[in-house]
């Protein structure tokens, strides 16, 4: 019957001297057309690196003139570390594993549409958006600065530098803000926006002979 599978139904009436007979003819749809994606390339912009697992990224769509066999989707290339998954019957692409902008900034997936006989392919470009999720890191300080006790030194005593792991280009502005953490040290030291450490007040560290203070 027509409700069992896609088909075209018609009725044929044959008459004779003995009467007439009705014949029901069912014409089933043949799978003779390939599916076709609506776009050669789909683009998903600014997918946050902290997107939740199963979050929707984008959706691809392949059209098929045949109704005999449904189209099924799969990712066949470019899915580094299985970062994404695709719903087989809907073409919806979702986040499957934790993304990391510092490791991979973009993906190019190759997606297949298959109707059990024919296939078509498209590309899905996914750009990952950076999130400030890593603390700054100090570069290793190579030199020791020696200051004689109770001596106020003018100018920059030490130049410290840090970088932001969330900014891949180390030559780009890092937007780092420096400050002295301990309250008792804030009365003695000041560090500016460029990482220059200044001595603003001297203090005798210990009674007895003068000693040297090493700043690292």
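The values are calculated or read from the model by the stated rules, or taken from the named source; none is laboratory data. For clarity, every value in this text was computed on a predicted model and none was experimentally measured. As a convention, Cβ positions derive from the backbone with ideal geometry for all residues, glycine included, and neighbour counts pool all protein chains shown.
So residue 85 fits all but one of (1) crowded, with 17+ Cβ neighbours inside 10 Å; (2) free of Cβ contacts under 8 Å to residues at least 12 places away in the same chain; (3) under 22 Å from residue 167 (Cα atoms); what number is the exception?
(3)
Does the stretch 169-193 hold any residues that are assigned to a loop (DSSP other than H, G, I, E, B) and closer than 22 Å to residue 155 by Cα, and which are they?
Looking only at the stretch 169-193, we keep the residues that are assigned to a loop (DSSP other than H, G, I, E, B), and these are 169-182, 187-188, 192-193.
Once the filter is applied, which keeps residues that are assigned to a loop (DSSP other than H, G, I, E, B) and closer than 22 Å to residue 155 by Cα, the stretch 169-193 yields 176, 177, 178, 179, 180, 181, 182, 187, 188, 192, 193.
Looking at the stretch 94-109, is at least one residue over 30 Å from residue 164 (Cβ atoms) and in contact with a strand residue (DSSP E or B) (Cβ under 8 Å, 6 or more places away or on another chain)?
no
Is the stretch 180-199 home to any residue that is touching a helix residue (DSSP H, G or I) at 6+ places or on another chain (Cβ under 6 Å) and modelled with pLDDT under 90? Please lay out each step first, then the result.
Step one: list which residues in the stretch 180-199 are touching a helix residue (DSSP H, G or I) at 6+ places or on another chain (Cβ under 6 Å), which gives 180.
Then keep just the ones that are modelled with pLDDT under 90; that gives 180.
Yes.
Is it true that residue 165 is over 15 Å from residue 197 (Cα atoms), assigned to a loop (DSSP other than H, G, I, E, B) and in contact with a strand residue (DSSP E or B) (Cβ under 7 Å, 6 or more places away or on another chain)?
Yes, satisfied.
Out of 80, 73, I need the residue that is surrounded by 15 or more Cβ atoms within 10 Å (Cβ to Cβ) and at pLDDT 95 or above. Which one?
On inspection, the qualifying residue turns out to be 73.
Based on what the data block shows, is residue 117 within 30 Å of residue 72 (Cβ to Cβ), part of a loop (DSSP other than H, G, I, E, B), in contact (Cβ under 8 Å) with a residue 60 or more places away in the chain and out of contact with any helix residue (DSSP H, G or I) (no Cβ under 9 Å at 6 or more places or on another chain)?
yes
Report yes if residue 64 is over 18 Å from the mean Cα position of the chain (by Cα), under 21 Å from residue 118 (Cα atoms) and modelled with pLDDT under 70, otherwise no.
The answer is no for residue 64.
Please verify whether residue 127 is outside any strand (DSSP E or B), exposed (fewer than 15 other Cβ atoms within 10 Å of the Cβ) and in contact (Cβ under 8 Å) with a residue 12 or more places away in the chain, treating the condition exactly as stated. Full working, then the answer.
Working: outside any strand (DSSP E or B): no; exposed (fewer than 15 other Cβ atoms within 10 Å of the Cβ): yes; in contact (Cβ under 8 Å) with a residue 12 or more places away in the chain: yes.
Taking the combined requirement at face value, the residue does not satisfy it.
Go through the stretch 120-142 and give me each residue that's at pLDDT 95 or above and over 18 Å from residue 45 (Cβ atoms).
120, 121
Do we have residue 144 as outside the structural domain of residue 48 (by TED's automatic domain parsing) and touching a residue at least 24 places away in the same chain (Cβ under 8 Å) here? Spell out the reasoning first.
Details: outside the structural domain of residue 48 (by TED's automatic domain parsing): yes; touching a residue at least 24 places away in the same chain (Cβ under 8 Å): yes.
In short, yes.
Quick check, is residue 34 modelled with pLDDT under 95, surrounded by 15 or more Cβ atoms within 10 Å (Cβ to Cβ) and in contact with a strand residue (DSSP E or B) (Cβ under 8 Å, 6 or more places away or on another chain)?
Judged against the criteria, residue 34 is a match.
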